[in-house]
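Participant: Questions regarding the structure given below will be posed in turn.
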Amino acid sequence: MAMEDSSEIPERLVPGTLAWDLYQVEHKQRYDWASVYCKGKRVLDVACGTGYGSAILAQTGAAQVVGVDISIGAIATNGKQPTRLALANGDACNLPFDDGTFDVVVSFETIEHLASPELLLAEISRALKPGGLCICSSPNRDFRPSSGAKEVNPFHLSEMSYEEFNQLFGKYFEISDRFSQTHSEAYRRHLELLREVNQRLRPIRFSRLLRMEEKIRSLLGRDSLAYQDSLSPVLGRAVPGDYVIEPLREASPKLLTFIFIGKKP
């Protein structure tokens, strides 16, 4: 992404963290799915973060993968890189590569972070060879979870509706395929069950006796009981199969993310 992430920004997935445990299945699935389009190709992964997705592409048949990210610290956490993978420091809106360098450019979870998302697509188009592929994801601004409550992400500066993303992407690429990534029906039922359990446990977690015990423990210098407001960090972790990527037939508020594939004219 075209901004420096700090440790306070939960938008970058780093192996070994709670965020990684909760969301790595969703993010890895996109790279596993995209690897089919990258076999034997020279690939650029824009805003690669720690490079875990770039490594997937390199290990699944791409001829060469270059991951670029504005955060030097994120790239440095990658450690030993697999064969055919190189990581570089650079801005997604000002890529440090010559025109027509790559066969495929992948950009996942990037465009929504930019104040001027069109700059990203223009740079990707410049870096692609004529006829090269751009594979880009964008979260669905109109997504509504089954609970009806959608949290506003302060780091998403340019979330787009289907119509907006379709129009902008089509300005730079000949769109060949449109896909969506969203929760499976089984995972949605799982999350609904967690919400119901949380609601039933809430009166217990915030009872007067527990609050009194917390005060006593604090006075005695003992650790807090650390009751969680939600069971989600414990039970809400996704596993393979909890997300699905399928052809996009109709825009819907049930769809979590759009993934478009386009060819440079």
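The values are calculated or read from the model by the stated rules, or taken from the named source; none is laboratory data. As the structure is a prediction and not an experimental result, all values here were calculated from the model. Virtual Cβ from ideal backbone geometry, glycine too; neighbours counted across all protein chains shown. Ligands, DNA and RNA are excluded from the accessible area calculation, which covers all protein heavy atoms including side chains. Shrake-Rupley method; radii C 1.70, N 1.55, O 1.52, S 1.80 Å.
Participant: Return the pair list, or none, for Cβ contacts closer than 9 Å from residues in segment 240-257 that are more than 14 Å from SER184 (Cβ to Cβ) to residues that are part of a loop (DSSP other than H, G, I, E, B) and acidic (Asp, Glu), at least 6 apart or on different chains.
Facilitator: ALA251/ASP142; SER252/ASP142; PRO253/ASP142
For every residue, the table says whether it meets (1) modelled with pLDDT of 65 or more; (2) open to solvent by 50 Å² or more (accessible area, probe 1.4 Å); (3) not in a helix (DSSP H, G or I).
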{"site": "ASN153", "(1), (2), (3)": "yes, no, yes"}
{"site": "HIS156", "(1), (2), (3)": "yes, no, yes"}
{"site": "TYR187", "(1), (2), (3)": "yes, no, no"}
{"site": "GLU213", "(1), (2), (3)": "yes, yes, no"}
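Participant: Follow-up. Please go through segment 32-58 and give me each residue that is in contact with a Ser or Thr (Cβ under 6 Å, 6 or more places away or on another chain) and either under 18 Å from GLY132 (Cα atoms) or part of a helix (DSSP H, G or I) (or both), ordered by number. Outline the logic, then answer.
Facilitator: The first filter runs over segment 32-58 and keeps only residues in contact with a Ser or Thr (Cβ under 6 Å, 6 or more places away or on another chain), leaving 35, 45-48, 50, 57.
Hits for segment 32-58 are SER35, ASP45, VAL46, LEU57.
Participant: Looking at segment 193-203, is at least one residue modelled with pLDDT of 95 or more and outside any strand (DSSP E or B)?
Facilitator: There is no residue in segment 193-203 that is modelled with pLDDT of 95 or more and outside any strand (DSSP E or B).
Conditions tested, residue by residue: (1) under 14 Å from CYS48 (Cα atoms); (2) touching an Asp or Glu at 6+ places or on another chain (Cβ under 7 Å); (3) not acidic (Asp, Glu).
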residue	(1), (2), (3)
VAL65	yes, yes, yes
ASP69	yes, no, no
ILE75	yes, yes, yes
ARG84	no, no, yes
LEU87	yes, no, yes
ASP91	yes, no, no
ASP99	no, no, no
PHE102	no, no, yes
PHE108	yes, no, yes
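Participant: If I filter segment 4-60 down to residues being at pLDDT 90 or above and among the basic types (Lys, Arg), which single residue comes out as most open to solvent (accessible area, probe 1.4 Å)?
Facilitator: Looking at residues that are at pLDDT 90 or above and among the basic types (Lys, Arg), I get LYS39.
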